[in-house]
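Undergrad: Dumping the structure here so I can ask a few things about it.
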Amino acid sequence: DGGITQSPKYLFRKEGQNVTLSCEQNLNHDAMYWYRQDPGQGLRLIYYSQIVNDFQKGDIAEGYSVSREKKESFPLTVTSAQKNPTAFYLCASSILGNQETQYFGPGTRLLVL
Amino acid sequence: SQQGEEDPQALSIQEGENATMNCSYKTSINNLQWYRQNSGRGLVHLILIRSNEREKHSGRLRVTLDTSKKSSSLLITASRAADTASYFCATLARGADGLTFGKGTHLIIQP
């Protein structure tokens, strides 16, 4: 899983709650990404950031928010506006300009109670 | 949108046999990659093939790319039980900022 850590491994959310998933990397990578994976599906890009204090929406950004205050950290908040949040969330990072080779964290599984 | 589509969705073979998975994509790409995911874990990058390459090897892995057919194949030779995992192709389309993944092939190696 490289130098990327995600916490927690499992997260439970009640209806209407916001939850924040942590992603930290010590690879000195400029670019970081959040993906969502549903059972039997590939990954879909939620948000990505190429530099501190800047981030861009991916294919399925609605109901999610991110921040990039530090190079090492790219937390993802799943808001109450996300109506179907139960999924496996994967964080990745890459060297800027080399987004073709991404290093993934171990993932966080989010379950709605 | 899902650009890469792997085929088959699931594959079960005996240990020692070769496993072949295919991936098709829709738009022009700079490169195509294959990733492996063990159950409930993150993805691990296996191999990258650029659009001007036709074949690439890495250990027991062999990847081919046919840009005219917009398809790629991943061959794992002499399979082992530890190869059991899901395998995804991912493409970087020209001008894109992020990878697009397929739905994956779930490979089961029977001991």
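Undergrad: When you look at the Cβ of every residue in A:100-112, what mean number of other chain Cβ atoms sits within 10 Å?
TA: Per residue, the average neighbour count from other chains is 4.
Undergrad: Here is a further query. Counting alpha carbon pairs within less than 8 Å and at least 6 residues apart, what relative contact order, in whole percent, applies to chain A?
TA: Taking the mean separation of contacting Cα pairs over the length of chain A, I get 36 percent.
Undergrad: Treat each spin label as a single point 7 Å out from the Cα along the C-beta direction, and report the A:SER7 to A:THR86 distance in nm.
TA: Output for this residue pair reads 2.7 nm.
Undergrad: Same structure again: Name all residues of segment A:21-37 having a backbone nitrogen under 14 Å from the label point set 7 Å from the Cα of A:SER73 along its Cα→Cβ direction, giving them as ranges.
TA: It comes to A:21-26, nothing else.
Undergrad: Based on the mean of other Cβ atoms within 10 Å per residue, sort peptides A:35-47, A:59-71 so the most packed one is first.
TA: The most tightly packed comes first, giving A:35-47, A:59-71.
Undergrad: Taking the Cα of B:SER51, stepping 7 Å toward and past its beta carbon, and measuring to each backbone N in segment A:93-112: which are under 19 Å?
TA: Answer for segment A:93-112: A:97-102.
Undergrad: Further question: Quick one: which of A:LYS71/B:LYS26; A:LYS9/A:LYS57; A:LYS57/B:LYS26; A:LYS9/A:LYS70 span more than 30 angstrom between C-alpha atoms?
TA: The answer is A:LYS71/B:LYS26.
Undergrad: Right, here's the next one. For Cα pairs less than 8 Å apart in space and 6+ apart in sequence, what is the mean separation divided by the residue count of segment B:2-111, i.e. the relative contact order in percent?
TA: Worked out over segment B:2-111, it gives 39 percent.
Undergrad: Same structure again: Excluding same-chain residues fewer than 8 positions from A:LYS83, which aspartates and glutamates have a Cα within less than 17 Å of its Cα?
TA: The qualifying aspartates and glutamates are A:GLU15, A:ASP38, A:ASP59, A:GLU62.
Undergrad: Please list the non-local residues whose amide H lies under 5 Å from the amide H of A:LEU21, H modeled 1.01 Å from N, same-chain partners needing a gap of 5 or more.
TA: A:LEU76, A:THR77, A:VAL78
Undergrad: Other chains near A:25-36: what is the mean number of their Cβ atoms within 10 Å of each residue's Cβ?
TA: Mean shielding by partner chains, rounded to a whole number: 1.
Undergrad: Another question, then. Spin-label point model (7 Å from Cα, Cβ direction): what's the B:GLN14 to A:GLN41 distance in nm?
TA: Each label point is offset 7 Å from its Cα along the Cβ direction, giving 3.8 nm.
Undergrad: For segment B:1-51, calculate the relative contact order in percent as a whole number, restricting contacts to Cα pairs under 8 Å that are 6 or more residues apart.
TA: Computed over segment B:1-51, the figure is 30 percent.
Undergrad: While we're on this one: Per-residue HN-Hα couplings for segment B:100-111, Karplus 6.51 cos²θ - 1.76 cosθ + 1.60 at θ = phi - 60°, whole Hz, x for Gly and Pro?
TA: Taking θ as phi minus 60°, the curve returns 10, 9, x, 7, x, 10, 8, 9, 10, 9, 7, x Hz for segment B:100-111.
Undergrad: For chain B, set up a GNM with springs between Cα atoms under 10 Å and report which of B:SER39, B:SER79, B:SER24 has the largest fluctuation.
TA: B:SER39
All of the numbers you see were taken from the coordinates with simple rules; none came from a lab. These figures come from a predicted structure and were not determined experimentally. Reconstructed Cβ throughout: ideal geometry from the backbone, glycine too, with neighbour counts over all protein chains shown.
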